[in-house]
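Student: Questions regarding the structure given below will be posed in turn.
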Amino acid sequence: MTVAPVTIATSSPLPATMQGVVLTAFGGPEVLQYRHDLPLPLPREGEVLIRVAASAVNNTDINTRVGWYSKTTASATEDGGAAFDDEQDQDPSWGGTPMVFPRIQGADCCGHIAAVGPGVDAARVGQRVLVRPILRAYAGYRPYACGYFGSECDGGFAQYTRVPADAAVAVHSPLSDAELASFPCAYSTAENLVDRAGVKAGERVLVTGASGGVGSAAVQLAHRRGAQVVAVAGADKHAAVRALGASECVARGADLSQAVGADSVDVVIDLVGGAQWPTLLDVLRRGGRYATSGAIAGPMVALDLRTLYLKDLTLVGCTFQEDRIFDNLVGYIERGEIAPVVARTFALRDIAQAQATFSAKNFVGKIVLLAPS
């Protein structure tokens, strides 16, 4: 049977191939291959093709590369994936399903729509967009069901990428492509955390990992809501974190009960986990809320159920995002209510060096990758 070609709308001829970075297996940076001959992902019905301008480095990209999402891994993120066996290979994708190789990663994308598939308004061609990383269309818009850009489907580490049309959100801003690319993954994660934790003006909010991409975004977004932010970060990063809106800073590794005070915090936004985790519940007031979307110091923690129920605490895991979270974020960007924090940029072909710089954690904010022209 002959299948009729799909009709797409574009303003200029499209190449047959593109450049990009392909993840070929679980492992170290050596499993990332920069290619010049990748097929162009033409948009299907309801999809758009984006010419990528910039992407960024995120923990989720590295976690996926090293197989850290596997339940067989219990180490900190930077130590994850030391062994890649058949058991680990069964569940190490972001969504908990076996990973499909090869995969173009990249959870962030700023670019311009180069073509649209059937059912999408051709007037969108040329539109500057950010990609909503939570892809609900591919999961049938079921509650709490979604794929993730760069994990369950190809992402932004290439010259072009395709996504459902509703995941390509128009953005009108004087910020550069690199600055805009620093927002989608980290800031939508942070906005989801502060939103689902119900952060309100006047509340005292503790943010762990406050100098990282999500942490620095959470500092800004909690401050934007009028909260008093206590930021946990390396001492050498306190000035930068205060500039983002933190009213107090605590050194990483400090005894939080002494430095912050027991029963003194309304909300904890946690990205770290690890051995210090029990003290996060100690510093929460009775009726306090804890929200998490990461475990960079280790996913296995000790929970005293008596602390949980005797203090009437609420623990919230934050992954799935309603569409309004990203829409709110784009509004904040367009109104200048939050600022990008770009520590450094690299060419996409230098992704291994960029990820090594990211893992060293000697910066505040985001590491951005610039797509080839």
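Student: Are any residues in the range 13-27 touching a residue at least 24 places away in the same chain (Cβ under 8 Å) and either polar (S, T, N, Q) or not assigned by TED's automatic domain parsing to the domain that holds Thr161 (or both), and if so, which ones? It would help to see each step written out before you state the result.
Tutor: Let us first name the residues in the range 13-27 that are touching a residue at least 24 places away in the same chain (Cβ under 8 Å), namely 14-16, 18-27.
Hits for the range 13-27 are Gln19, Thr24.
Student: Looking only at residues that are among the hydroxyl-bearing types (Ser, Thr, Tyr) and modelled with pLDDT under 95 in the range 124-165, which one is surrounded by the most Cβ atoms within 10 Å (Cβ to Cβ)? Walk me through it before giving the result.
Tutor: Kept after step one, since they are among the hydroxyl-bearing types (Ser, Thr, Tyr), are these residues of the range 124-165: 138, 141, 144, 148, 151, 160-161.
Now restrict to residues that are modelled with pLDDT under 95: 138, 141, 144, 148, 151.
Working: Tyr138: 16, Tyr141: 11, Tyr144: 8, Tyr148: 20, Ser151: 25.
The residue in question is Ser151.
Student: Same structure again: Looking only at the range 56-74, filter to residues that are of a type in the set (S, T, N, Q) and at pLDDT 75 or above; which one of those is nearest to Thr24 (Cα to Cα)? Spell out how you get there, then give the answer.
Tutor: Filtering the range 56-74 for residues of a type in the set (S, T, N, Q) gives 58-60, 63-64, 70, 72-73.
Next cut, at pLDDT 75 or above only: 58-60, 63-64, 70.
Numbers: Asn58: 18, Asn59: 18, Thr60: 16, Asn63: 15, Thr64: 12, Ser70: 17 Å.
Ranking the candidates gives Thr64 first.
Student: Something else now. Considering only residues of the range 1-53 that are among the hydrophobic types (A, V, I, L, M, F, W, C) and over 24 Å from Pro164 (Cβ atoms), which is modelled with the lowest pLDDT? Can you show your working first?
Tutor: Taking the range 1-53 as the starting set, the residues that turn out to be among the hydrophobic types (A, V, I, L, M, F, W, C) are 1, 3-4, 6, 8-9, 14, 16, 18, 21-23, 25-26, 31-32, 38, 40, 42, 48-50, 52-53.
Checking which are over 24 Å from Pro164 (Cβ atoms) leaves us with 1, 25-26, 31-32.
Numbers: Met1: 38, Ala25: 93, Phe26: 91, Val31: 96, Leu32: 97.
Of everything passing the filter in the range 1-53, Met1 is modelled with the lowest pLDDT.
Student: For the subset of the range 151-175 comprising residues that are free of Cβ contacts under 8 Å to residues at least 40 places away in the same chain and touching a strand residue (DSSP E or B) at 6+ places or on another chain (Cβ under 9 Å), which member is farthest from Val100 (Cα to Cα)?
Tutor: Just the residues of the range 151-175 that are free of Cβ contacts under 8 Å to residues at least 40 places away in the same chain, to begin with: 153, 167, 174.
Now drop any that are not touching a strand residue (DSSP E or B) at 6+ places or on another chain (Cβ under 9 Å), which leaves 153, 167.
On the way: Cys153: 9, Ala167: 22 Å.
That would be Ala167.
Student: For the range 104-116, what are the residues that are in contact with a helix residue (DSSP H, G or I) (Cβ under 8 Å, 6 or more places away or on another chain) and closer than 18 Å to Gly155 by Cβ? Break it down stepwise before answering.
Tutor: We begin by selecting, within the range 104-116, every residue in contact with a helix residue (DSSP H, G or I) (Cβ under 8 Å, 6 or more places away or on another chain); these are 105-111, 113, 116.
Gln105, Gly106, Ala107, Asp108, Cys109, Cys110, Gly111, Ile113 - these are the residues of the range 104-116 that are in contact with a helix residue (DSSP H, G or I) (Cβ under 8 Å, 6 or more places away or on another chain) and closer than 18 Å to Gly155 by Cβ.
Student: Of the residues in the range 273-322, how many are without any contact (Cβ under 8 Å) to a residue 12 or more places away in the chain and in a loop (DSSP other than H, G, I, E, B)? Walk me through it before giving the result.
Tutor: Filtering the range 273-322 for residues without any contact (Cβ under 8 Å) to a residue 12 or more places away in the chain gives 305-306, 309-310, 322.
This time we only want the ones that are in a loop (DSSP other than H, G, I, E, B), so: 322.
Total satisfying the criteria: 1.
Student: For the range 251-272, give me each residue that is without any contact (Cβ under 8 Å) to a residue 40 or more places away in the chain and under 14 Å from Gly209 (Cα atoms).
Tutor: Answer for the range 251-272, where residues must be without any contact (Cβ under 8 Å) to a residue 40 or more places away in the chain and under 14 Å from Gly209 (Cα atoms): Ala251, Arg252, Gly253, Ala254.
Student: Name, by its number, the condition in (1) surrounded by fewer than 21 Cβ atoms within 10 Å (Cβ to Cβ); (2) touching a helix residue (DSSP H, G or I) at 6+ places or on another chain (Cβ under 7 Å) that does not hold for Ala231.
Tutor: Against the list (1) surrounded by fewer than 21 Cβ atoms within 10 Å (Cβ to Cβ); (2) touching a helix residue (DSSP H, G or I) at 6+ places or on another chain (Cβ under 7 Å), Ala231 comes up short only on (1).
Student: Would you check if Ile104 is under 25 Å from Ala9 (Cβ atoms) and among the hydrophobic types (A, V, I, L, M, F, W, C)? Even if it seems obvious, please write down each step before you answer.
Tutor: On the way: under 25 Å from Ala9 (Cβ atoms): yes; among the hydrophobic types (A, V, I, L, M, F, W, C): yes.
Taking the combined requirement at face value, the residue satisfies it.
Student: Continuing with the same structure: Quick one: would you say Gly331 is under 16 Å from the mean Cα position of the chain (by Cα) and surrounded by fewer than 17 Cβ atoms within 10 Å (Cβ to Cβ)? Let's see the steps before the verdict.
Tutor: Values: under 16 Å from the mean Cα position of the chain (by Cα): no; surrounded by fewer than 17 Cβ atoms within 10 Å (Cβ to Cβ): yes.
Judged against the criteria, Gly331 is not a match.
Student: What number goes with the only condition from (1) touching a residue at least 40 places away in the same chain (Cβ under 8 Å); (2) in contact with a strand residue (DSSP E or B) (Cβ under 6 Å, 6 or more places away or on another chain); (3) not aliphatic (A, V, I, L, M) that Tyr138 does not pass?
Tutor: That leaves (1) as the condition not met.
Student: Give the residue, chosen from Phe149, Phe157, that is of a type in the set (A, V, I, L, M, F, W, C) and more than 28 Å from Ala222 (Cα to Cα). Give the derivation first.
Tutor: Details: Phe149 fails: more than 28 Å from Ala222 (Cα to Cα).
Residue meeting the stated conditions: Phe157.
The values are calculated or read from the model by the stated rules, or taken from the named source; none is laboratory data. All figures in this text were calculated on a predicted structure; none of them were measured in a lab. Cβ sites come from the backbone with ideal geometry, for glycine too, and all protein chains shown count toward neighbours.
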